[in-house]
Structures are given as structure tokens and as C-alpha cells.
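The values are calculated or read from the model by the stated rules, or taken from the named source; none is laboratory data. Predicted model, so just to flag it, every value in this text is computed and none were measured. All Cβ positions, even for glycine, are placed from backbone atoms using ideal geometry, and neighbour counts span all protein chains on display.
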Amino acid sequence: MNYQGNYAFLDENSKKEIRRTILKAVAIPGYQVPFASRELPIARGWGTGGLQVSLSLVGEEDVVKVIDQGSDESVNAVNIKKMITDTTGVDTTIHTIESTIIQSRHRIPEVPLTEEQILVLQVPLPEPLRLIEPSERKTKEMHAYGEYSVSWLHIFEQIVRYGKASMQSDYPVIVNGHYLMAPSPIPRFDNPKMNQNEGLILLGAGREKKIYAVPPYTDVVSIDFEDYPFETESFSGAACRMTGLTDVFLDELQDEKTGESYYLTNDQSYMLEVLNEQQNTVTGGGTHE
Amino acid sequence: MGYVAVKGGQKAIERSNLALDYDRIKDGRVLDVADILAGMRPLVDQVMSESSLYDEELAALAIKQASGSMEEAVFLMRAHRSTLARLYYTNTTSTKSMFVERRISASFKDIPGGQLLGSASDFKQRFLDFDLLNETQEQVRETAENFEKKEFDAPVMNLRQLPKVIDYLEEEGLYTSQPLNDREPDDITKSSIQFPTSRSQRLQSLTRGQTGAVTSLGYAGIRGYGVASHPNIGELRVGELPLHVSDARHPDEEDQAYYIGSIITTEVESFLPIDVTDKDGKTTQSFAVGYGLTFGQNETKTIAMSVLDYSLEHPVDGYPTSDEEFVLLHVDSVESTGFISHLKLPHYVTFQSLLDGIREIKKGGTAE
């Protein structure tokens, strides 16, 4: 289908409104700014929050990368990337370092961001207090008063029950010493990457109609107790079967022949880059594109 | 030669899209948009109501494109709506100016202006009509002509300025109308809904709500999860509502406004008894009204909307249908189907994280 609509799909007034929301979000790190989320040709809950942020920011000079579950080739990543390029004609890349806007679901890339880059995270559930308090009106009050003891209590109860904090991905953080924030369902492994990050991180929740941000060089601390410190996922003893990397988030896979499990680097473009690097070193051949 | 990651996403999507397109046309029949418009009015009306975009032809097109799937058709219309600039609000319109096609009251037998059954399936015996299997164009034309020629012995009614049933209650002193609030509504498509909500935010959410969801919650409300009593429909009317947009040069002059067309709407006013305590502390009963208004002829949804409007206006502690967040945040078709369907997307990373958490707990044994 030949696209004949507006540049970046949304009408100019909507994009301007979203950019204003983003500015407010940057000015109040970790605060969830409500916005009039538009309906997109992609389903609510499939990344429309991130997409509205990306579409409002993307200019003709931008180079866009889209990740889903660490992969540029995942169907949702492909679909979102197609929507952005179909409506704008901008260049895309799989290499983190070459991109100016990275839209991602569930992962922060292994390659550190630079000041020139914006990471847009898709957020299904922006409210870190939601599992404890279902009412939006009450959680808004709790944020206003900085009343977050329930979150520590939640971890405390888990420790009492299981002997450990059983929090999974989307482990809550305190941003800039103030707001409790859901980092979107990134694994705990990625939480420390948010702290004092050089790039701008924008988080968009389309269905829940919120945009929030972690500006560059901002403190981001995962909540914990002194005697039960925050822990990331442990891949102790495991290494990527292709690259031998151990300091990355790993996917656990099954070898169909032997039935044994093995691991691969989850960030696929990074794995590709490392592999190419390793092969060049071994063969001494030319550089890859 | 470097390593090349397995690529497949793009191709798989293309194939899947082609398969879907093929499913729609594989029987070699073309579904005409005009056929949908003519033969599936309730579906067109529902799609317009849930997508909050009044365009019969586009709704029929969306139904065709979505192969009759309601949620997909609404989704297509809403996405299209996002590309349209919103330039004007229509002037405040009174439903008293509705050109009425159907008007019933379940509260009073003899309402001023009279009852008008109009077209409705309420009293149709629901037998499958096997004759429709072989219906021909000729027969259809003939039946239609016969209907048009038929002279009905009906009293003359002024369908353009029918009084409202509720006015009668008010004259009796059984209902106190609220002062008119004609200020611009809080448009929930232009700024997100905030709690506690304004009434305009509530009514917009409900009228855009998924027909099934609004009906289910309305049903729950009158089955014991909210409304203390059985509501009475004071008046249900379906008809054409004329709309005007004011001339920017003379915003306050009504006769300078532009007529932009009429839309078919369904309006319901339900009567519910409430306790009223006067300043001396004496409690009496009076009536409250639950209000519903939707695009097109959507009677069940509109009645349910009026029940939910009432239960949100007169909340009873502890009932889900009185909880504005519970009701308003969950009735939207695009939002609920979107989030439920997103469960089909891969969650490998979060699941790996969950797996790790559970394994760590197992390893660590139970708490002391």
C-alpha cells in the first residue's frame, strides 16, 4: 500500500502536543505525565506509546533502530520499524552505535548509549504501584506524597515468604532521588544501565496514556534493603555459545538434538558485531559493512 | 565473511498478511460496501458508536476490510480518526430538536406526544426465516414498494418537537432538573481522563465503550452489583439530530450557525428512585436520571450506559459498577482487545527473568 498520509502518520498538532508532554517528562524525571494517547494502526499494548514518542520526534535525518526482546528481526520490531519507515522514509539500522532513535521493547541494548541518542522504551504498565494499589487516583496521591513504603513492604513480604526478593523484570527504581518508576519490563539486568546513562531515555505507555523520562546523567536506584541488596538475573557459569560472552543478558535455549540447554546473547545485533569482530581477528580478513 | 543472523520476521509478516487478504476473497465473492450499509445497519451503527466517528460509509468499509470482525473494524476506524485534524465543536444541541423515528416509555402509558414503536426487533418472533436463503432482488423491491404504498391509520404526530417525558416528572415535582451546563466538554481524545472524572469525561467513555462490555457491566449493576433498584426507562428515543457549527465571526449568534447535517442517535433517560434529605434532616424519595446517548440505533448499549451513568453519579461503596476507574478504564474496545491480544507477542526476556527468580528461590530454600 502506498502511504499518502501525513509525515509520521499523526497530524502535526498531535505530534506537537506529544513533544510538549516529553519536555515536561524530561523536566520532572520519573514523573508520569498524562497525555491524550492517539490510536494508531498498531494495536494498543503492542508498542503504541513508544511509537507515538518515536513518531513525534523522528526527523528526516534520523536513523532508527527497533528492538523487540533483544532482536531487530522479531515480528513486532519489524512491524513497528515498517510503520515508521513507511510514513517517514527515514533510514534504519540494526547497529546500536549508528542509530539516533532506538525504540525498544523489554531491553536496553548492551552497547552503551551516547549523548546523541534517544532510547524509547515501550511500556505496558507504567504505574509501579499498580499491583499493590489498583486505583489510579490513590497511586497519584502516593506519588505526590512520596509514600512508597508499600513497595518496600512488598519486597519485605517476599523475603519473609520466599527467603528472597522475588521481583522479576520491571523492578521498580527511584529516579533522581524522588519518583518511584516502573522501568518498563526490562530485565533487572538492565536496571543498572539506566543509572547515570549518557543518552536520553523516554518511556511511552499508549494504552495507559502516560509518558515519562530519565534524562541523561540521572541517578536511578533499584529499591532494596541493606541486608537484602538488589540482584540482577544470574547467569553464573553460563556463556553465550556463539561468542563466549558472559557479561550480557542471555537467552536460554534447548538443543533439539541433545536436549541440553545452552545460552545465546539476547542482544542479537551486539552478538553479530562481536562475532564479526572475533572472526576478523581469527582470519585477519577485511572489515564487515 | 561475518556471521549473518537468521532473518525471517519481515518475510513471515508479509506471508501472514497475504494469507489474511486471501481468506477474505478466496470464495470469489465481492462484498459490496453498499450491501453492508443496506443490510447490516446495526453493525454499522455499533462500529460508529465504538469508534466515535460518525461516517456510515467508512464504517461499512471498515467492516468489509475487517471481514465483519467488530473489534478490527472499530480499530481501523479509530486509527483513521487519529489522522484527522479536529477543527470544530458543534454547538450545544438539545435532543428536543430530534426528528424522532422511535420513541417509547416504559414508565408512563400515555406520554405527551405519544409512543412510537418505529422499527425494532423487540417483538419479532425469532424464528430463522428460511425464505431468506432464496431471497431475490425482485421480491425485495416488490416488498419495499408495498410497504411504502401502504397507508397506516396513525394519529398525526409532530415528530420534530416532541416534549420530553422527564418534563412531566418535573412538573409533578418528582424530579429536580440540574442547571444546564453548556460549557465545552473535557474532550477525552484531546487530554487524558483524570480521576475524579467530570461527567463529560464519563459520558464520553461510556458512549465510546464496547457494546458488550457496557451491556455486561450495566447488567451486573442491576443484578445486584451496584444499583439498589430496578431502573425504569422514562424515555428511549431514536432519531435524527441536526448539528450546527457556529460561524467564527459570530460565535454567539445561533441563526448565523452552519447546519452541517444530521446524525442518527439513540437517547435513553432512566428513572431511579433516590433518597433526598432536606435541610431539616427529613428524608424523602425523589427520582434521579441515568443518561445514555450513542451514535446510531444502539438501544441495549444506551440503556446499559444510562445504568452505568447513574451508578457512577450515585456511587455505592464497595460495588465495582460504582467504581469509575473500574468501569471507565475497562470498557474501551480498542484498549481492552489491544492489551489482551498483546499477550500473543513474545515475552522471552521477562519470562527468562521470572524463571531466574523462581530458580533462585528454589535454590535458596524457604524462609526461616
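Only one of (1) touching a helix residue (DSSP H, G or I) at 6+ places or on another chain (Cβ under 9 Å); (2) of a type outside the set (S, T, N, Q); (3) within 14 Å of chain B (Cβ to nearest Cβ); (4) more than 30 Å from A:Lys81 (Cα to Cα) is not met by A:Tyr148, so which one is it?
Going through the list (1) touching a helix residue (DSSP H, G or I) at 6+ places or on another chain (Cβ under 9 Å); (2) of a type outside the set (S, T, N, Q); (3) within 14 Å of chain B (Cβ to nearest Cβ); (4) more than 30 Å from A:Lys81 (Cα to Cα), A:Tyr148 breaks only (3).
Given the options B:Ser192, B:Ser200, B:Ser205, B:Ser216, name the one that is assigned to a helix (DSSP H, G or I), surrounded by 10 or more Cβ atoms within 10 Å (Cβ to Cβ) and within 14 Å of chain A (Cβ to nearest Cβ).
Result: B:Ser205 is the single residue among B:Ser192, B:Ser200, B:Ser205, B:Ser216 that is assigned to a helix (DSSP H, G or I), surrounded by 10 or more Cβ atoms within 10 Å (Cβ to Cβ) and within 14 Å of chain A (Cβ to nearest Cβ).
Select, from B:Tyr175, B:Tyr219, B:Tyr225, the only residue that is in contact with a Phe, Trp or Tyr (Cβ under 7 Å, 6 or more places away or on another chain), under 19 Å from B:Met305 (Cβ atoms) and touching a residue at least 60 places away in the same chain (Cβ under 8 Å). First the steps, then the outcome.
Working: B:Tyr175 fails: under 19 Å from B:Met305 (Cβ atoms); B:Tyr219 fails: in contact with a Phe, Trp or Tyr (Cβ under 7 Å, 6 or more places away or on another chain).
After ruling out the rest, the residue left standing is B:Tyr225.
Going through segment A:205-234 one residue at a time, which ones are among the β-branched types (Val, Ile, Thr) and part of a loop (DSSP other than H, G, I, E, B)?
Scanning segment A:205-234 gives A:Thr218, A:Ile223, A:Thr232.
With the condition being at the interface with chain A (Cβ under 7 Å from one of its Cβ atoms), I'd like the helices (runs of 4 or more DSSP H) fully within segment B:286-368 carrying at least 3 qualifying residues.
B:333-341, B:348-364
Against the definition (modelled with pLDDT of 95 or more, surrounded by 23 or more Cβ atoms within 10 Å (Cβ to Cβ), out of contact with any Ser or Thr (no Cβ under 7 Å at 6 or more places or on another chain) and within 14 Å of another protein chain (Cβ to nearest Cβ)), how does A:Val66 come out, yes or no?
Working: modelled with pLDDT of 95 or more: yes; surrounded by 23 or more Cβ atoms within 10 Å (Cβ to Cβ): yes; out of contact with any Ser or Thr (no Cβ under 7 Å at 6 or more places or on another chain): yes; within 14 Å of another protein chain (Cβ to nearest Cβ): yes.
The answer is yes for A:Val66.
B:Leu61 passes all but one of (1) part of a loop (DSSP other than H, G, I, E, B); (2) surrounded by 17 or more Cβ atoms within 10 Å (Cβ to Cβ); which number fails?
With (1) part of a loop (DSSP other than H, G, I, E, B); (2) surrounded by 17 or more Cβ atoms within 10 Å (Cβ to Cβ) applied to B:Leu61, the lone miss is (1).
Which residues, counting only those in segment A:42-58, are at pLDDT 95 or above and either more than 18 Å from the chain's Cα centre (by Cα) or more than 12 Å from chain B (Cβ to nearest Cβ) (or both)?
Hits for segment A:42-58 are A:Gly50, A:Val53, A:Ser54, A:Ser56, A:Leu57, A:Val58.
Checking B:Gln46 against (1) more than 14 Å from chain A (Cβ to nearest Cβ); (2) polar (S, T, N, Q); (3) farther than 26 Å from B:Arg237 by Cβ; (4) not in a loop (DSSP other than H, G, I, E, B), which test does it fail?
(3)
Could you list, in sequence order, all residues of segment B:224-253 that are loosely packed, with under 12 Cβ neighbours inside 10 Å and either over 23 Å from B:Thr294 (Cα atoms) or of a type in the set (A, V, I, L, M) (or both)?
B:Gly224, B:Ser229, B:Ala248, B:Arg249, B:His250, B:Pro251, B:Asp252, B:Glu253
Residue-wise test of (1) modelled with pLDDT under 85; (2) β-branched (Val, Ile, Thr); (3) in a loop (DSSP other than H, G, I, E, B).
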| site | (1), (2), (3) |
| --- | --- |
| B:Phe108 | no, no, yes |
| B:Asp122 | no, no, yes |
| B:Phe147 | no, no, no |
| B:Arg160 | yes, no, yes |
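Check B:Gly114 against each of (1) at pLDDT 95 or above; (2) at positive phi; (3) not hydroxyl-bearing (Ser, Thr, Tyr) and name the one condition it does not meet.
It is condition (1) that B:Gly114 fails.
Residues are listed down the side, and each one gets a yes or a no for (1) more than 9 Å from chain B (Cβ to nearest Cβ); (2) within 23 Å of B:Glu335 (Cα to Cα); (3) crowded, with 18+ Cβ neighbours inside 10 Å:
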| site | (1), (2), (3) |
| --- | --- |
| A:Ile18 | yes, yes, yes |
| A:Lys24 | yes, no, no |
| A:Ala36 | no, yes, no |
| A:Leu40 | no, yes, yes |
| A:Asn76 | no, yes, yes |
| A:Ile84 | yes, yes, yes |
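Any idea which of (1) buried (at least 19 other Cβ atoms within 10 Å of the Cβ); (2) away from chain B (no Cβ under 12 Å) is the one A:Ile28 doesn't satisfy?
(1)
Here is a check on your reading of the model: is A:Ala239 in the same structural domain as A:Leu264 (by the TED database) and surrounded by 15 or more Cβ atoms within 10 Å (Cβ to Cβ)? Let's see the steps before the verdict.
Numbers: in the same structural domain as A:Leu264 (by the TED database): yes; surrounded by 15 or more Cβ atoms within 10 Å (Cβ to Cβ): yes.
Yes; evaluated as a whole, the condition is true for this residue.
Output the number of residues of segment A:233-280 satisfying the condition of being within 11 Å of chain B (Cβ to nearest Cβ), among the hydroxyl-bearing types (Ser, Thr, Tyr), under 22 Å from the mean Cα position of the chain (by Cα) and more than 16 Å from A:Ser71 (Cα to Cα).
1
Being assigned to a loop (DSSP other than H, G, I, E, B) and either at pLDDT 95 or above or touching an Asp or Glu at 6+ places or on another chain (Cβ under 8 Å) (or both) narrows it down to one of B:Asp247, B:Asp280, B:Asp252, so name that one.
Answer to the selection: B:Asp247.
Of the residues A:Glu61, A:Glu133, which is more than 9 Å from chain B (Cβ to nearest Cβ), over 25 Å from A:Asp190 (Cα atoms) and modelled with pLDDT under 95?
A:Glu133
So B:Leu128 ticks every box in (1) within 21 Å of B:Ser270 (Cα to Cα); (2) part of a loop (DSSP other than H, G, I, E, B) but one. Which box is left unticked?
Exception for B:Leu128: condition (1).
Conditions (1) surrounded by fewer than 23 Cβ atoms within 10 Å (Cβ to Cβ); (2) of a type in the set (Lys, Arg); (3) farther than 30 Å from B:Pro163 by Cβ, marked per residue:
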| site | (1), (2), (3) |
| --- | --- |
| B:Tyr258 | yes, no, no |
| B:Thr266 | no, no, no |
| B:Lys282 | yes, yes, yes |
| B:Pro315 | yes, no, yes |
| B:His330 | yes, no, yes |
| B:Ser333 | no, no, yes |
| B:Lys344 | yes, yes, yes |
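Look at A:Ile101 and say whether it is away from chain B (no Cβ under 14 Å) and under 15 Å from the mean Cα position of the chain (by Cα).
Against the criterion (away from chain B (no Cβ under 14 Å) and under 15 Å from the mean Cα position of the chain (by Cα)), A:Ile101 qualifies.
With the requirement that a residue be within 22 Å of the chain's Cα centre (by Cα) and among the polar types (S, T, N, Q), what does segment B:273-294 give you?
B:Thr294
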